[in-house]
Amino acid sequence: MDEIKNGKHNNLAVVAERLANLTKEELSDKYQKIEDKLFEFANFMEAHLAFLYTPVSSELPTERIIKKALQIEKGLVLPVFTDAKNSINLYKISDYDKDLVKSANDILEPNIEKCKKISLEAIDIAIIPGLAFDDKGGRIGFGNNFYSKLITKLPETCRKVSLAYEEQIVDQIQMESRKFTVDIIITDKRVIYKI
(Lines give C-alpha, C1' and ligand atoms only; values in the text may rest on other atoms or scores of the structure.)
Protein backbone atom coordinates (compact mmCIF):
# COMPACT_ATOMS: atom_id res chain seq x y z
CA MET A 1 0.00 0.00 0.00
CA ASP A 2 2.84 2.41 0.89
CA GLU A 3 4.55 1.54 -2.37
CA ILE A 4 1.44 2.59 -4.29
CA LYS A 5 1.22 5.84 -2.29
CA ASN A 6 4.88 6.68 -2.88
CA GLY A 7 4.52 5.90 -6.56
CA LYS A 8 1.52 8.24 -6.78
CA HIS A 9 3.39 11.08 -5.06
CA ASN A 10 6.42 10.60 -7.34
CA ASN A 11 4.26 10.53 -10.48
CA LEU A 12 2.32 13.62 -9.40
CA ALA A 13 5.57 15.47 -8.64
CA VAL A 14 6.92 14.60 -12.12
CA VAL A 15 3.71 15.77 -13.81
CA ALA A 16 3.52 18.98 -11.75
CA GLU A 17 7.11 19.84 -12.67
CA ARG A 18 6.53 19.17 -16.38
CA LEU A 19 3.35 21.29 -16.44
CA ALA A 20 5.05 24.11 -14.48
CA ASN A 21 7.63 24.36 -17.29
CA LEU A 22 4.95 25.16 -19.87
CA THR A 23 3.87 28.71 -20.68
CA LYS A 24 0.20 29.69 -20.74
CA GLU A 25 0.45 29.89 -24.54
CA GLU A 26 1.87 26.35 -24.76
CA LEU A 27 -0.88 25.01 -22.49
CA SER A 28 -3.53 26.82 -24.52
CA ASP A 29 -2.13 25.41 -27.77
CA LYS A 30 -2.04 21.88 -26.32
CA TYR A 31 -5.59 22.26 -24.98
CA GLN A 32 -6.82 23.31 -28.45
CA LYS A 33 -5.27 20.17 -29.97
CA ILE A 34 -6.94 17.95 -27.35
CA GLU A 35 -10.30 19.64 -27.92
CA ASP A 36 -9.97 19.24 -31.71
CA LYS A 37 -9.11 15.53 -31.32
CA LEU A 38 -12.11 14.96 -29.06
CA PHE A 39 -14.48 16.51 -31.62
CA GLU A 40 -12.94 14.30 -34.35
CA PHE A 41 -13.24 11.20 -32.15
CA ALA A 42 -15.99 8.96 -33.54
CA ASN A 43 -16.95 7.46 -30.14
CA PHE A 44 -17.62 10.95 -28.81
CA MET A 45 -19.35 12.31 -31.89
CA GLU A 46 -21.63 9.27 -32.25
CA ALA A 47 -22.53 9.04 -28.55
CA HIS A 48 -26.12 9.98 -27.72
CA LEU A 49 -25.25 10.78 -24.13
CA ALA A 50 -21.79 11.86 -22.96
CA PHE A 51 -20.63 12.27 -19.37
CA LEU A 52 -18.36 15.24 -18.74
CA TYR A 53 -17.03 16.95 -15.63
CA THR A 54 -16.40 20.48 -14.49
CA PRO A 55 -12.78 20.65 -13.39
CA VAL A 56 -11.31 21.02 -9.94
CA SER A 57 -8.08 23.09 -9.77
CA SER A 58 -5.44 21.34 -11.90
CA GLU A 59 -7.70 19.06 -13.96
CA LEU A 60 -7.91 19.80 -17.67
CA PRO A 61 -10.50 22.58 -18.22
CA THR A 62 -13.77 21.54 -19.87
CA GLU A 63 -15.88 24.71 -20.12
CA ARG A 64 -15.19 25.19 -23.86
CA ILE A 65 -15.76 21.50 -24.57
CA ILE A 66 -19.09 21.51 -22.72
CA LYS A 67 -20.27 24.67 -24.52
CA LYS A 68 -19.18 23.35 -27.92
CA ALA A 69 -20.88 19.98 -27.29
CA LEU A 70 -24.11 21.76 -26.33
CA GLN A 71 -23.90 23.87 -29.51
CA ILE A 72 -23.91 20.72 -31.64
CA GLU A 73 -26.79 19.42 -29.51
CA LYS A 74 -24.85 16.55 -27.96
CA GLY A 75 -26.64 15.00 -24.98
CA LEU A 76 -24.54 15.96 -21.94
CA VAL A 77 -24.58 14.73 -18.38
CA LEU A 78 -22.61 16.25 -15.50
CA PRO A 79 -22.09 14.97 -11.95
CA VAL A 80 -23.59 16.18 -8.69
CA PHE A 81 -21.51 14.88 -5.78
CA THR A 82 -23.16 13.68 -2.60
CA ASP A 83 -21.54 12.85 0.71
CA ALA A 84 -23.36 9.54 0.91
CA LYS A 85 -20.60 6.95 0.38
CA ASN A 86 -18.82 9.15 -2.18
CA SER A 87 -21.66 8.78 -4.62
CA ILE A 88 -22.36 10.77 -7.76
CA ASN A 89 -25.75 11.57 -9.26
CA LEU A 90 -25.91 12.43 -12.96
CA TYR A 91 -28.02 15.20 -14.44
CA LYS A 92 -28.54 16.18 -18.07
CA ILE A 93 -27.85 19.80 -18.96
CA SER A 94 -28.83 21.78 -22.04
CA ASP A 95 -27.59 25.29 -21.25
CA TYR A 96 -24.18 25.99 -19.67
CA ASP A 97 -25.10 29.39 -18.25
CA LYS A 98 -28.61 28.54 -17.01
CA ASP A 99 -28.30 24.92 -15.83
CA LEU A 100 -25.19 25.09 -13.63
CA VAL A 101 -24.83 26.35 -10.06
CA LYS A 102 -21.84 26.49 -7.69
CA SER A 103 -21.84 23.71 -5.10
CA ALA A 104 -20.78 24.11 -1.46
CA ASN A 105 -17.32 22.93 -2.62
CA ASP A 106 -17.20 25.70 -5.23
CA ILE A 107 -17.62 23.24 -8.13
CA LEU A 108 -20.04 23.96 -10.97
CA GLU A 109 -22.79 21.35 -10.87
CA PRO A 110 -26.16 20.88 -12.57
CA ASN A 111 -29.04 22.57 -10.79
CA ILE A 112 -31.02 19.56 -9.56
CA GLU A 113 -34.21 21.67 -9.46
CA LYS A 114 -34.03 22.24 -13.24
CA CYS A 115 -32.12 19.31 -14.71
CA LYS A 116 -33.28 15.77 -15.33
CA LYS A 117 -31.61 12.94 -13.38
CA ILE A 118 -30.10 10.29 -15.66
CA SER A 119 -29.14 6.69 -14.89
CA LEU A 120 -25.59 5.43 -15.38
CA GLU A 121 -26.83 2.83 -17.87
CA ALA A 122 -27.74 5.60 -20.32
CA ILE A 123 -24.16 6.87 -20.70
CA ASP A 124 -22.42 6.02 -24.02
CA ILE A 125 -19.09 7.70 -23.33
CA ALA A 126 -17.62 9.06 -20.09
CA ILE A 127 -14.86 11.67 -19.98
CA ILE A 128 -13.01 10.89 -16.74
CA PRO A 129 -10.71 13.47 -15.14
CA GLY A 130 -7.31 12.73 -13.67
CA LEU A 131 -3.97 14.24 -12.74
CA ALA A 132 -1.64 11.58 -14.22
CA PHE A 133 -2.05 8.58 -16.55
CA ASP A 134 -0.09 5.69 -18.04
CA ASP A 135 -0.50 3.94 -21.40
CA LYS A 136 -2.31 1.02 -19.77
CA GLY A 137 -5.22 3.28 -18.81
CA GLY A 138 -4.01 3.75 -15.22
CA ARG A 139 -4.94 7.07 -13.66
CA ILE A 140 -4.34 9.09 -10.52
CA GLY A 141 -7.15 11.36 -9.40
CA PHE A 142 -7.53 13.50 -6.32
CA GLY A 143 -7.78 10.45 -4.09
CA ASN A 144 -11.43 10.79 -3.10
CA ASN A 145 -12.33 7.72 -5.23
CA PHE A 146 -15.45 9.35 -6.76
CA TYR A 147 -14.30 8.59 -10.29
CA SER A 148 -12.69 5.21 -9.54
CA LYS A 149 -16.08 4.06 -8.21
CA LEU A 150 -17.87 5.62 -11.18
CA ILE A 151 -15.62 3.75 -13.64
CA THR A 152 -16.62 0.40 -12.12
CA LYS A 153 -20.34 1.24 -12.22
CA LEU A 154 -20.56 2.43 -15.83
CA PRO A 155 -22.00 -0.05 -18.33
CA GLU A 156 -19.48 -2.27 -20.16
CA THR A 157 -20.50 -0.70 -23.46
CA CYS A 158 -19.57 2.76 -22.19
CA ARG A 159 -16.21 4.08 -23.42
CA LYS A 160 -14.16 5.51 -20.57
CA VAL A 161 -11.96 8.28 -21.95
CA SER A 162 -9.58 10.76 -20.33
CA LEU A 163 -8.23 14.00 -21.76
CA ALA A 164 -4.66 14.86 -20.80
CA TYR A 165 -1.69 16.95 -21.73
CA GLU A 166 1.13 14.73 -23.02
CA GLU A 167 3.10 15.85 -19.93
CA GLN A 168 0.56 14.02 -17.73
CA ILE A 169 1.54 10.63 -19.18
CA VAL A 170 4.00 8.73 -16.96
CA ASP A 171 5.74 5.37 -17.36
CA GLN A 172 3.65 3.43 -14.88
CA ILE A 173 0.93 4.02 -12.33
CA GLN A 174 0.65 1.33 -9.70
CA MET A 175 -2.99 0.61 -9.06
CA GLU A 176 -4.74 -1.64 -6.58
CA SER A 177 -6.87 -2.98 -9.41
CA ARG A 178 -7.00 -2.69 -13.21
CA LYS A 179 -10.80 -2.38 -12.98
CA PHE A 180 -10.26 1.35 -12.27
CA THR A 181 -8.55 2.05 -15.61
CA VAL A 182 -9.82 4.11 -18.55
CA ASP A 183 -10.02 2.71 -22.10
CA ILE A 184 -8.60 5.63 -24.06
CA ILE A 185 -6.53 8.74 -23.32
CA ILE A 186 -6.57 11.66 -25.75
CA THR A 187 -3.51 13.91 -25.48
CA ASP A 188 -2.30 16.84 -27.58
CA LYS A 189 0.09 14.43 -29.37
CA ARG A 190 -1.77 11.11 -29.70
CA VAL A 191 -4.72 8.90 -28.87
CA ILE A 192 -3.66 6.10 -26.49
CA TYR A 193 -5.70 2.92 -26.52
CA LYS A 194 -5.30 0.82 -23.36
CA ILE A 195 -2.80 -1.98 -23.95
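The values are calculated or read from the model by the stated rules, or taken from the named source; none is laboratory data. Note that the structure is predicted; figures quoted are calculated from it, not measured. Because the Cβ atoms are built from the backbone with ideal geometry, glycine has one as well, and the counts that use them run over all protein chains shown. Note: accessible area is taken over every heavy atom of the protein model, side chains too, but ligands, DNA and RNA are not part of it. Shrake-Rupley method; radii C 1.70, N 1.55, O 1.52, S 1.80 Å.
Tabulated values for the structure
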item: About the Cα centre, charge dipole magnitude for region 1-97 (Lys/Arg +1, Asp/Glu -1 at Cβ), debye; result: 120
item: Probe 1.4 Å - accessible area at L154, Å² to nearest ten; result: 10
item: Positive minus negative residues near V56 (Lys, Arg vs Asp, Glu; Cβ under 15 Å); result: -2
item: Cα-only Debye scattering, region 60-102: base-10 log of I(q)/I(0) at q = 0.15, 0.16, 0.21 Å⁻¹; result: -0.41, -0.47, -0.73
item: Convex hull per residue volume in Å³, alpha carbons only, for region 45-135; result: 125
item: CD proxy at 222 nm, helix term only [per DSSP H run n ≥ 4: -39500 (n - 2.57); per residue of the chain; nearest 500]; result: -9000 deg cm²/dmol
item: Subset of K114/K179; K30/K136; K8/K114; K114/K149 violating a 32 Å alpha-carbon distance limit; result: K114/K179; K8/K114
item: Charged-residue dipole, Cβ positions (Lys, Arg, Asp, Glu), the chain about Cα centre, Debye nearest 20; result: 440
item: For the chain, share of DSSP beta bridges that run antiparallel, in % to the nearest 5; result: 60
item: Furthest towards positive pole of dipole, I88, I186, L70, structure part the chain, Cβ charges; result: I88
item: Evaluated over the chain, the Cα radius of gyration and Dmax, each in Å; result: 16.0, 46
item: Exposed-loop-free span, longest in the chain, where chymotrypsin sites (Phe, Trp or Tyr not before Pro) count as exposed if DSSP calls them loop and at most 16 other C-beta atoms lie within 10 Å; result: 40-141
item: Accessible area (Å², per residue) of the chain, counting only protein heavy atoms and a probe of 1.4 Å; result: 54
item: Alpha carbon centroid spacing (whole Å) that separates region 45-76 from region 12-33; result: 21
item: Cα-derived Rg over Rh, computed across region 90-195 with Rh taken as Kirkwood radius; result: 1.00
item: Rounded percent of accessible protein surface that carbon and sulfur make up, the chain, 1.4 Å probe; result: 48
item: Restricting region 136-195 to trypsin sites (Lys or Arg not before Pro) in coil, as DSSP defines it, with at most 16 other Cβ within 10 Å; result: K136, K189, R190, K194
item: Crossing angle, helix 24-38 versus the chain [Cα axis fit, 0-90 degrees, rounded to tens]; result: 60
